[in-house]
1. Of all residues being modelled with pLDDT under 90 and more than 11 Å from Leu226 (Cβ to Cβ) in the stretch 15-24, which is most open to solvent (accessible area, probe 1.4 Å)? Just the residue, please.
2. Only residues in the stretch 35-51 that are touching a residue at least 12 places away in the same chain (Cβ under 8 Å) and under 18 Å from Lys132 (Cβ atoms) count as the first member; pair them with residues that are open to solvent by 10 Å² or more (accessible area, probe 1.4 Å) and of a type in the set (S, T, N, Q), Cβ under 7 angstrom, at least 6 apart or cross-chain, and list the lot.
3. Quick test for you: out of Ser5, Ser10, Ser27, pick the one residue that is polar (S, T, N, Q) and more than 26 Å from Phe156 (Cβ to Cβ).
4. Quick check on my filter: what residues within the stretch 32-62 are exposed (fewer than 15 other Cβ atoms within 10 Å of the Cβ) and either basic (Lys, Arg) or touching a Cys at 6+ places or on another chain (Cβ under 9 Å) (or both)?
5. Can you say whether Leu205 is out of contact with any Gly (no Cβ under 6 Å at 6 or more places or on another chain) and modelled with pLDDT of 90 or more, as far as the supplied structure shows?
6. The conditions are (1) modelled with pLDDT under 95; (2) loosely packed, with under 14 Cβ neighbours inside 10 Å; (3) touching a helix residue (DSSP H, G or I) at 6+ places or on another chain (Cβ under 7 Å), and Glu146 fails exactly one of them. Which is it?
7. Restricting attention to the stretch 172-183, does a residue exist that is more than 25 Å from the chain's Cα centre (by Cα) and either more than 19 Å from Gly244 (Cα to Cα) or modelled with pLDDT under 75 (or both)?
8. Condition (residue is open to solvent by less than 50 Å² (accessible area, probe 1.4 Å), modelled with pLDDT under 95 and out of contact with any His (no Cβ under 8 Å at 6 or more places or on another chain)) applied to the stretch 63-77: is it met by at least one residue?
Amino acid sequence: MKIVSIDLHSDFGFFRKPDTNNTINLSYNIIHKPGILGVLGAILGLEGYREKGVLPAYYLKLKDLKIAVEPLMHDKGNFTKTAIKYTNTVGYANKGNNFLTEELTLINPAYRIYLQLDDTIELHVKLFDYLKEAKTEFIPYFGKNEFTAWWTKESFRIYRSTINPQVDKQGVRVKSLFKKTLNLKDNKEQPYPDLMSLGSDEAELPFVFFERLPYLFDEKLMQYILEDFAYTDYLVKNAHTMEGLCHLIEEDTYVQFI
C-alpha cells in the first residue's frame, strides 16, 4: 500500500449542489469524493456518463478507492466566490425565450488529494505512474468542462505512514477534512475540535469549517449520499475513534481516508 498526494488547482470551480433552484445555482466549497473520482477517471481515460440511470465506468471502477482531501490557499476553509450569469437561448430548453441562470463559482480552488494505492491492483499502479508524471488521458476539470484542473510533477509526494495508528487522546492535528459524525462503538466519544488549543498558525485566529458533502452515490436512486464533514486547524480530540485515520510520519500530522 502506498500513500501519495497531488495538489490539484484550477482558475475556477463549480461543484453544483443538486438541491438549489433553477436561477441561482450554488457550488460546494470543497471538492467531494464523487468529483475526485471523476478527475481520476479522466486521468486514467475511463468512460464517463453514457446512459441515463447507469453509473459511469470510472465510478464503478474507482468507488472503493480511499481518498483524503486538504483544501489549499483558502480563507479558513472557504474559497472566494463570484456570481457568473449565463443566458440560455436554445429553443428546446426555454420555449423560445431567453433563460437567465446564475452560478456562484469558486475562484482559484486548490486541494491536496491523498490516495491509498494498492500495488496489487493494476488500475492503482497505472494511476500511480500517471500522477507521478503529471500525465492524463482526458483533460480533468472542476465541475465544468471550461474549468480545467492541473497538477505538476513537483506536487506529487509519497509518504511514510501508518494506517489506524495509536494516537494521543488529548488531541492531534488532522490536516484533511474528517467526518463529523461517525458510527461509534462501545459508547466512545466522537472526535471534536479542541477549542482550548491554538491553531496551527498562532499568528492567525484558529477556525472550524463545516460542510455537508456528497460521499458516494446511492446506486438505486442515482443520487448523492451526503455526509457531514469538518475541517479545522485546532487539535482534534478523540481522533482515535476515526475510521481510516492515517499518520503521515515525516509531517507528524494526520489525515482521514474515506
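1. Residue satisfying both the conditions and the ranking: Asn22.
2. As it stands, the answer is Ala42/Thr136; Ile43/Thr136, since those pairs meet every condition given.
3. Numbers: Ser5 fails: more than 26 Å from Phe156 (Cβ to Cβ); Ser10 fails: more than 26 Å from Phe156 (Cβ to Cβ).
Exactly one of Ser5, Ser10, Ser27 is polar (S, T, N, Q) and more than 26 Å from Phe156 (Cβ to Cβ), namely Ser27.
4. If the condition is that a residue be exposed (fewer than 15 other Cβ atoms within 10 Å of the Cβ) and either basic (Lys, Arg) or touching a Cys at 6+ places or on another chain (Cβ under 9 Å) (or both), then Arg50, Lys52 are the ones that fit.
5. no
6. (3)
7. no
8. Taking every residue of the stretch 63-77 in turn, at least one turns out to be open to solvent by less than 50 Å² (accessible area, probe 1.4 Å), modelled with pLDDT under 95 and out of contact with any His (no Cβ under 8 Å at 6 or more places or on another chain).
The values are calculated or read from the model by the stated rules, or taken from the named source; none is laboratory data. Just so it is clear, the structure is predicted and the values come from calculations on it, not from any experiment. When we count neighbours, we look across all protein chains shown, and the Cβ atoms used for this are built from the backbone with ideal geometry, even at glycine. Remember, those area values only see protein heavy atoms, side chains included, never the ligands or the DNA or RNA. Shrake-Rupley method; radii C 1.70, N 1.55, O 1.52, S 1.80 Å.
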